[in-house]
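**Student:** Quick one: structure below, then a few questions.
The values are calculated or read from the model by the stated rules, or taken from the named source; none is laboratory data. Every value quoted in this text rests on a predicted model; they were computed, and no experiment measured them. Note that we place each Cβ from the backbone using ideal geometry, even for glycine, and neighbour counts take in every protein chain shown.
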Amino acid sequence: MGRSLFAAVMLTGMCLVSWAFGQEEMTRVNSDAFENPSRHEALFVHDAHNEKAGLGECASCHHIFENGVLQKDDSSVGTPCSECHQPSDRGETPSLMRAFHLKCKSCHQELKSGPLMCGECHKRPTRWIRNQEATGRPAG
């Protein structure tokens, strides 16, 4: 009984911390730009991922290019990826899906950590995720 109660309290605490400090409770990558997606959105708990990966610079993922040059001291935080990356390739700018896959998978391969296969990111949303999105707070 003691272990179960301790585990429940710890799980609830972790959920509350994640909920309180999440990037607007981000739980998955927005895929609204895709008309007929063949897979579920990639599940992605923003702050938990970045903490585990040791990412402190927003521009690591939220980049800005001007005239083909990466602007190292600038980030696109708050701007949807689909504003620059369209559903299909445009010249030098990769498509939205290709940009997600290049950015995420290349980092995972370089660090030899993180998912690489489709089903490792594109999972059906869990009850916890659906409840968090519907109510704005974690299940439990």
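**Student:** Which members of the stretch 110-140 meet the condition of being modelled with pLDDT of 90 or more and assigned to a helix (DSSP H, G or I)?
**Tutor:** Listed by number, the residues that qualify are E110, L111, C118, G119, E120, C121.
**Student:** Condition first: without any contact (Cβ under 8 Å) to a residue 24 or more places away in the chain, part of a loop (DSSP other than H, G, I, E, B) and under 18 Å from N30 (Cβ atoms). Now tell me which residues in the stretch 64-84 satisfy that.
**Tutor:** Hits for the stretch 64-84 are S75, S76, V77, G78, T79, C84.
**Student:** Same structure again: Suppose we filter the stretch 6-52 for residues that are part of a helix (DSSP H, G or I) and at pLDDT below 55; how many remain?
**Tutor:** So the answer is 16.
**Student:** Out of all the residues in the stretch 88-109, which are in a loop (DSSP other than H, G, I, E, B) and surrounded by 13 or more Cβ atoms within 10 Å (Cβ to Cβ)?
**Tutor:** D89, P94, S95
**Student:** Across the stretch 34-58, what is the total count of residues that are touching a Ser or Thr at 6+ places or on another chain (Cβ under 9 Å) and among the acidic types (D, E)?
**Tutor:** Total satisfying the criteria: 3.
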